[in-house]
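Trainee: Below: one structure in C-alpha cells.
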C-alpha cells in the first residue's frame, strides 16, 4: 500500500520502523509506543512472506523482527535480509520472548545488529531505534559522499585523459610529459635531425573553384594519411599550415636513422597522394623537400602550445621543397650523404637558393 492521499509520505520520515511479527497485538502495542515520536514512521507486517515487498516500498531505517514465527526461522530471515541489496545494511533488531546467549551469538553472526526481549521498555526501544537509525543514516550519507567522490574522480580522470589526448595531438609524447611535470621553458639543441616539408602543387588554383566542405574533406584525407605514415615510421609531425605539411625525425629522442625514416615516409607520402588523387579524379601532386642538419626545438605559448623548430636546417628544408618538382622527393647534399647506402639518388645539378647561394641537390629515385 502506498502513501495515503492528504497525509505525509511515511518514506520521508527520518526514522522509518518496520515491525515483522505474527502477533497483531504486538504490532499494535509497538505502534502505541512510537505514536508520539514525530520524526518516526511505523509499519507493521504480520505476514513474513509479505515482508520483502513492504520493505521495498517503505524503505525502513530500522527493522524490528520477531525471532519465532510460524513456518519462519528468524535466523534465516536475518540472513535473507542481508543478501538483498536494499536491506543489506539496514539495522535489524531481533525481538524474542526470552534471552538466550547462544541464539544471540548466532543472530549477530548472521548480521543482526541488536537483540531485545519483548516486549521491551518503551524508552529503551525508542533509544535503540534512534541509535541504529541514525547510524544507518550516517552510513547512507557516507556512501553517498563516497559515490559522489568516486564520480568526481572518474569525471576528473576522463577530463585528464581528454586533456592528455589533446596535448599529444600537438606535442611529441616526451615533450608533453616534460611539460606536465616541469611546466617551465622547453628548448633543446639537436646536432643532426632530418626535416621534411611538403606542399600541394596546384592547390591554390584548385581551392578557388572547390566548395569549402569538399576542400576541407580532401585535406583531412591527405593529412590523415600523412599522420599515419609519420606514426608508422616514427617521425614527428610538427605542423600543417594551409596545404603545407612539416615533419622531422631525430627529435625529441635522437635516432641515428633519422634521414632514412624521413625518406621512407616521403616516398610513402607520394604513393598515398597519388592514390588519393586517383580516387578523387584530381590532378594535384605533392612536392617534398628534405634537409638534414642541426636545429633548436622547443615549446612556445602558454595557452595554446606549439612545438616548433628553428635554424638554418629548417630554412634549407623549406627551400628544398619550394625548389623541388611535383611528384618527386627533393633532398639536399647532407641528406643524400646519409641515405645513399639505402636509396638511389639522381643528381639534379646546382640550384641557386635565395640566401644560400648555389647548392647541389638530388631527387630520390627509390630504394637501392
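Trainee: Taking residue 88 and the conditions (1) crowded, with 17+ Cβ neighbours inside 10 Å; (2) at pLDDT 90 or above, which numbered condition does it fall short on, given that it satisfies the others?
Mentor: With (1) crowded, with 17+ Cβ neighbours inside 10 Å; (2) at pLDDT 90 or above applied to residue 88, the lone miss is (1).
Trainee: Could you identify the single residue in 88, 41, 49, 97 that is free of Cβ contacts under 8 Å to residues at least 40 places away in the same chain, more than 13 Å from residue 20 (Cβ to Cβ), more than 46 Å from the chain's Cα centre (by Cα) and assigned by TED's automatic domain parsing to the domain that holds residue 126?
Mentor: Answer to the check: 97.
Trainee: Another question, then. Keeping to the range 299-315, report how many residues are without any contact (Cβ under 8 Å) to a residue 24 or more places away in the chain and either assigned to a strand (DSSP E or B) or more than 37 Å from the chain's Cα centre (by Cα) (or both).
Mentor: Selection size over the range 299-315: 4.
Yes or no, residue by residue, for (1) at positive phi; (2) at pLDDT 90 or above; (3) in contact with a strand residue (DSSP E or B) (Cβ under 8 Å, 6 or more places away or on another chain):
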{"site": "300", "(1), (2), (3)": "no, no, yes"}
{"site": "308", "(1), (2), (3)": "no, no, yes"}
{"site": "314", "(1), (2), (3)": "no, yes, yes"}
{"site": "327", "(1), (2), (3)": "yes, yes, yes"}
{"site": "331", "(1), (2), (3)": "no, yes, yes"}
{"site": "352", "(1), (2), (3)": "no, no, yes"}
{"site": "361", "(1), (2), (3)": "no, yes, yes"}
{"site": "365", "(1), (2), (3)": "no, yes, yes"}
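Trainee: Test residue 109 against the stated conditions and say whether it is over 22 Å from residue 83 (Cβ atoms) and modelled with pLDDT of 90 or more.
Mentor: Considered against the rule, which asks whether it is over 22 Å from residue 83 (Cβ atoms) and modelled with pLDDT of 90 or more, residue 109 comes out as no.
Trainee: Filter the range 277-297 for residues that are within 36 Å of the chain's Cα centre (by Cα) and crowded, with 17+ Cβ neighbours inside 10 Å; which is nearest to residue 214 (Cα to Cα)?
Mentor: Once the filter is applied, the top-ranked residue is 297.
Trainee: In addition: Name the pairs whose Cβ atoms lie under 9 Å apart, with the first residue in the range 122-142 and assigned by TED's automatic domain parsing to the domain that holds residue 30 and on the phi < 0 side of the Ramachandran plot, the second assigned to a helix (DSSP H, G or I) and surrounded by 13 or more Cβ atoms within 10 Å (Cβ to Cβ), and 6 or more positions between them or separate chains?
Mentor: Matching pairs, first to second residue: 122/33; 122/34; 125/30; 125/33; 125/34; 126/33; 126/34; 129/34.
Trainee: So, one more: What single numbered condition from (1) in contact (Cβ under 8 Å) with a residue 60 or more places away in the chain; (2) closer than 25 Å to residue 336 by Cβ; (3) over 32 Å from the mean Cα position of the chain (by Cα) fails to hold for residue 253?
Mentor: With respect to (1) in contact (Cβ under 8 Å) with a residue 60 or more places away in the chain; (2) closer than 25 Å to residue 336 by Cβ; (3) over 32 Å from the mean Cα position of the chain (by Cα), residue 253 is out only on (3).
Trainee: Would you confirm whether any residue within the range 12-21 is part of a loop (DSSP other than H, G, I, E, B), in the same structural domain as residue 97 (by TED's automatic domain parsing), modelled with pLDDT of 90 or more and surrounded by 12 or more Cβ atoms within 10 Å (Cβ to Cβ)?
Mentor: Checked against the condition, which is being part of a loop (DSSP other than H, G, I, E, B), in the same structural domain as residue 97 (by TED's automatic domain parsing), modelled with pLDDT of 90 or more and surrounded by 12 or more Cβ atoms within 10 Å (Cβ to Cβ), the range 12-21 yields at least one hit.
Trainee: Quick check, is residue 76 part of a helix (DSSP H, G or I) and surrounded by fewer than 17 Cβ atoms within 10 Å (Cβ to Cβ)?
Mentor: Yes; evaluated as a whole, the condition is true for this residue.
Trainee: Name the single residue, out of those in the range 42-73 being under 12 Å from residue 107 (Cα atoms) and buried (at least 23 other Cβ atoms within 10 Å of the Cβ), that is modelled with the highest pLDDT.
Mentor: My answer is 65.
Trainee: Pick out, from the range 142-235, the helices (runs of 4 or more DSSP H) lying fully within it that include 3 or more residues that are touching a strand residue (DSSP E or B) at 6+ places or on another chain (Cβ under 8 Å), at pLDDT 90 or above and under 30 Å from residue 324 (Cα atoms).
Mentor: The qualifying helices (runs of 4 or more DSSP H) are 212-233.
Trainee: Something else: Taking the condition part of a strand (DSSP E or B), over 30 Å from residue 178 (Cβ atoms) and in contact (Cβ under 8 Å) with a residue 12 or more places away in the chain, does residue 296 pass?
Mentor: no
The values are calculated or read from the model by the stated rules, or taken from the named source; none is laboratory data. The shown structure was predicted, so the numbers you read here are calculated from the model rather than taken from an experiment. Using ideal geometry, Cβ is built from the backbone for each residue, glycine included, and neighbour counts are taken over all protein chains shown.
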